[in-house]
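The values are calculated or read from the model by the stated rules, or taken from the named source; none is laboratory data. Bear in mind the structure is a predicted one, so any value in this text is a computation, not a measurement. Glycine also receives a Cβ, built like all others from the backbone with ideal geometry; neighbour counts cover every protein chain displayed. SASA here: full protein model, heavy atoms, side chains in, ligands and nucleic acids out. Shrake-Rupley method; radii C 1.70, N 1.55, O 1.52, S 1.80 Å.
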Amino acid sequence: MIQELAGSIGLKPLTNAYSATALAVILGGAIAMLPGKPGASAGTGGLLLWPLFGATNQLLGTIGLLTVGLQAWMILESLLAWRHANGVLETALKREPAPKI
């Protein structure tokens with residue numbers, strides 16, 4: 001994601017995979033080392049990241065479940081439709097080609 005953003009705004013050094021990964025790791029570590037709340041000790045910044053991680057995890061799980069469910073539904077529907085379509089493909093392939101204009 002950092003590579004794509006850097007490429008779109010013209011930051012050439014961050015289009016490299018290693019430099020973009022290093023920036024992401026450094027920023028994540030810096031946020032984790034910050035105090036989570038005012039007056040809290042340093043290093044509790046991970047509490048800031050935890051809700052974001054939970055929300056992202058839920059969204060990815062939903063996308064995965066929808067993908068698997070849609071794939072299963074498409075397979076089931078194609079199997080059911082294929083039973084009723086005996087000979088349809090064969091007649092379509094035997095059809096005369098359209099005349100060239």
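Results, tabulated for the structure shown:
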quantity	calculated
Area accessible to solvent at Lys37, 1.4 Å probe radius, in Å²	150
Cα Rg, Dmax (largest Cα-Cα span) when computed across segment 1-41, Å	13.6, 39
Probe 1.4 Å, all protein chains present, accessible-area order of Met74, Met1, Met33, largest first	Met1, Met33, Met74
Accessible area, probe 1.4 Å, largest first, for residues Ile2, Ile75	Ile75, Ile2
Distance between modelled label sites at Ala17 and Leu60, nm, 7 Å Cα→Cβ extension	1.8
